[in-house]
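Student: Take this structure, written in structure tokens, and hold onto it; I'll ask about it next.
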Amino acid sequence: MVPFFSRKHGVPSREACAVVTGAGSGIGRSFALELARRHGSVVCADINLAAAQETVARIEQLGASGLAVRCDVAEAEQVRQLAEQADAYFGESPTLVINNAGVGLGGKFDELTLDDWQWCVNINLWGVIHGCHEFVPRFKQQGRGAIINVASAASYTAAPEMSAYNVTKAGVLALSETLSAELRKHGIRVNVLCPTLVPTDIIKNGRLPGRYAKLADHALMNYALTTSDDVATLTLNRLDSGHLYTTPQMDAKLFWLMKRASPNLYAKALGLSYRLFK
Ligand SMILES: NC(=O)c1ccc[n+]([C@@H]2O[C@H](COP(=O)([O-])OP(=O)(O)OC[C@H]3O[C@@H](n4cnc5c(N)ncnc54)[C@H](O)[C@@H]3O)[C@@H](O)[C@H]2O)c1
């Protein structure tokens with residue numbers, strides 16, 4: 001399939017040949033389905049093949065096409081094979097990669113084991129590095145392409161008891177900012193998604209201490225008003241308009257502004273609210 005978008009005037013999310021990691025659930029599945037609605041073709045990668053296959057079945061119900069691939073983004077070799085499978089499926093290199101696969105990890109710093117850290121860093125940060133490392137040379141060679149990296153508002157809010165998760169997402173934000181500047185002249189766009197709470201299975205699939213796993217899941221499912229479909233649609237629109245950052249919700253925007261307007265005041269307020277409400 002020949003993807004449609006010119007380097008100068010193109011709309012990357014329309015008729016994209018896309019690869020989405022973590023496409024078997026939540027935000028990744030929403031990205032895949034929204035791309036299908038935009039007449040794209042999607043390689044759906046997930047560590048859970050059955051979940052990726054379910055996403056492809058839904059893509060086909062929308063009249064679009066997709067391929068399910070089992071891939072653990074923490075493994076560089078598996079991401080290399082994913083890129084090769086995508087090249088073969090599309091008949092050329094993809095035009096969009098969405099590095100979305102990620103896991104949740106919570107707990108006080110001294111409660112987390114080094115195994116917890118490695119698990120989280122390998123998936124959330126190395127997974128995105130592997131995706132960029134594999135697809136950037138392809139995009140450069142064809143003189144066009146787009147990258148969406150899924151970070152989180154955690155990349156700048158630095159919420160307590162989320163140290164490992166925060167570190168990985170800050171890394172994804174920094175990588176995306178760097179690539180945006182570096183790749184623009186090659187016709188490659190970058191967008192980094194930084195949402196606060198979105199109702200998905202992230203708590204269920206993550207590692208959170210029992211004392212607040214239930215509470216966090218309840219908050220996510222009942223009080224988070226912005227859905228994964230809203231987030232995917234907005235992010236693709238922001239990418240199309242050439243924006244680097246997507247902070248979908250009001251609280252994500254507010255934290256962003258507070259942190260930049262007065263970083264010291266922000267740090268004090270964060271520490272105080274943690275002491276008061278813990
Ligand atoms: N849900 C939220 O509140 C929220 C907020 C901010 C950022 N995010 C980020 O959004 C992204 C998607 O999360 P979600 O909320 O849709 O969660 P989710 O658990 O519903 O979906 C994550 C998907 O990633 C897959 N996955 C996990 N490890 C993988 C691996 N090693 N290789 C390949 N696939 C793997 C899972 O099988 C699952 O299908 C993550 O990067 C997450 O950090 C989520």
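Student: Direction-averaged shadow area of the convex hull around the Cα atoms of the range 124-278, nm²?
Tutor: 9.9 nm²
Student: Hey, for a label at residue 80 modelled as a point 7 Å past Cα toward Cβ, could you say which residues of the range 119-157 have their backbone N under 12 Å away?
Tutor: The answer is 134.
Student: With 10 angstrom as the radius, rank 255, 90 by how many other C-beta atoms surround their C-beta, starting from the fewest.
Tutor: So the ranking, lowest neighbour count to highest, is 90, 255.
Student: Do you know the relative contact order of the range 94-251, to the nearest whole percent, from alpha carbon pairs under 8 angstrom that are 6+ apart?
Tutor: So the answer I get is 26 percent.
Student: Averaged over all directions, how much area does the convex hull of the C-alpha atoms of the range 212-278 cover when projected, in nm²?
Tutor: One quarter of the hull surface, i.e. the mean projection, equals 5.9 nm².
Student: Once all Cα-Cα distances of the range 1-150 are split into 5 Å bins that start at 0, what whole-number percent is in each one?
Tutor: 2, 11, 20, 23, 19, 12, 7, 4, 2, 1, 0
Student: Follow-up. With r defined as the distance between the Cβ atoms of residue 272 and residue 50 and R0 fixed at 45 Å, what FRET efficiency is calculated, to the nearest 0.05?
Tutor: The value I calculate is 0.45.
Student: In percent, how large is the relative contact order of the chain, given Cα pairs closer than 8 Å and 6 or more residues apart?
Tutor: Relative contact order here is 17 percent.
Student: If amide hydrogens are placed 1.01 Å from N in the peptide plane, which non-local residues have theirs closer than 5 Å to the one on residue 145?
Tutor: Hits under the 5 Å cutoff: 189.
Student: For the range 185-238, with equal point scatterers placed on the C-alpha atoms only and solvent neglected, what are the log10 I(q)/I(0) values from the Debye formula at q = 0.17, 0.20 1/Å, to two decimals?
Tutor: Rounded to two decimals, the profile gives -0.63, -0.77.
Student: Quick one: length gained pulling residue 62 to residue 261 fully straight, 0.36 nm per residue minus the C-alpha distance?
Tutor: Here the segment from residue 62 to residue 261 would lengthen by 67.2 nm.
Student: Okay, next question. Taking neighbour Cβ counts within 10 Å as the exposure measure, how do 214, 278 sort from fewest upward?
Tutor: With the fewest neighbours first, 214, 278 line up as 278, 214.
Student: Counting other Cβ atoms within 10 Å of each Cβ, which trypsin sites (Lys or Arg not before Pro) in the range 90-161 have at most 13 and sit in a DSSP loop?
Tutor: Answer in residue order: 108.
Student: Let me ask another. Can you tally the lysine pairs in the chain where the Cα-Cα distance is under 15 Å and the two residues are eight or more apart, or on different chains?
Tutor: Close lysine pairs under the 15 Å cut-off: 6.
Student: On the principal axes of its Cα set, how long, how wide and how thick is the chain? Give whole Å, largest value first.
Tutor: On the principal axes, the chain reaches 57, 39, 33 Å in Cα extent.
Student: Continuing with the same structure: Name the shape class, rounded, prolate or oblate, that the alpha-carbon gyration tensor gives for the range 105-158, where a ≥ b ≥ c are the square roots of its eigenvalues, rounded holds for a/c under 1.5, and otherwise prolate holds if a/b is larger than b/c and oblate otherwise.
Tutor: oblate
Student: Could I have the simple spin-label model distance between residue 214 and residue 182, label points 7 Å from Cα toward Cβ, reported in nm to one decimal?
Tutor: If labels sit at residue 214 and residue 182, their model points lie 4.6 nm apart.
Student: I'd like the GluC sites (Glu not before Pro) in the range 132-199 restricted to DSSP loop residues with at most 10 other Cβ atoms within 10 Å, sorted by number.
Tutor: Taking the range 132-199 and a limit of 10 other Cβ atoms within 10 Å, no loop GluC sites (Glu not before Pro) are found.
Quick note: the coordinates plus some simple rules give every number you see, no bench work behind them. Here the structure is a predicted model, which means the values were calculated and not measured. In this analysis, Cβ positions are derived from the backbone assuming ideal geometry, glycine residues included, and neighbour counts consider all displayed protein chains.
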